[in-house]
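Some notes on the structure that comes next.
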Amino acid sequence: MKVVTLETSLFKAICHKLAMTVKEQYRPDVVIAILSGGGYVAREMLHTLNSGKSIAYGEVSACRPGNDLKQKPATNAILAAMPRVLLDWARMVESWILRLFPRAKHRNISFDNLNDDTISMLSRGNRRILIVDDAIDSGATMTGVINALNEQFPGNTIKTAAITVTTPQPSHKVDFKIFKNLELVRFPWSKDMKK
């Protein structure tokens, strides 16, 4: 297991690479980002995906119950004081804990961030959708969003993309990825990113 740190320029290059991988095999009509990390990735990917074609864009939120420890100011202060080697170790420990004790599978999926044009396009069906997230751990979030989209907007084709897949057997097999199995990624917006 290792931790890959993506400073801003490397993050942009990785997003471009992921977008090129998608473009070689799939031409989405709509890109749906899972907030919040997936929004950063999808917006960056759109620079590459939109060349020569206008793609609709929307964002969904998929909140896990009880995911607020990382939002506490004390947590931010502790993370800021830790050296990188301890931050990497903490990420690895968190990953192993999540494997042993998976978080709740239920996600509260909200389409409130989709604009009317995107909703109209999805409602007509027969569209190619690309769902983007930053990282896939258990796969429960991606599975929840796929199920909610299929229920709300049936008749569309869905593919998925993420920068990393951190577990060997998530509940959803991602179609397009850069890193996989035991590669944890520290993103520019991560709480433990050193400035």
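Computed from the coordinates by the stated procedures, all read-outs in this text should not be read as laboratory data. Remember, predicted model here, so these are calculated numbers, not experimental data. Cβ coordinates were reconstructed from backbone atoms using ideal geometry, including for glycine residues, and neighbour counts include every protein chain displayed.
Residues that are in contact (Cβ under 8 Å) with a residue 60 or more places away in the chain, buried (at least 21 other Cβ atoms within 10 Å of the Cβ) and either among the polar types (S, T, N, Q) or more than 21 Å from L6 (Cβ to Cβ) (or both) within the stretch 150-191 comprise T164, T166, listed in sequence order. Of all the residues in the stretch 148-162, those that are within 16 Å of the chain's Cα centre (by Cα) and not hydrophobic (A, V, I, L, M, F, W, C) number 2. Checking each residue in the stretch 1-22 for being over 23 Å from S61 (Cα atoms) and either touching a Ser or Thr at 6+ places or on another chain (Cβ under 7 Å) or surrounded by fewer than 18 Cβ atoms within 10 Å (Cβ to Cβ) (or both) picks out M1, K2, V4, E7, T8, S9, L10, A13, H16, K17, M20, T21.
Selection of the stretch 23-41 for residues being surrounded by 22 or more Cβ atoms within 10 Å (Cβ to Cβ) and in contact with a Phe, Trp or Tyr (Cβ under 7 Å, 6 or more places away or on another chain) yields only V31.
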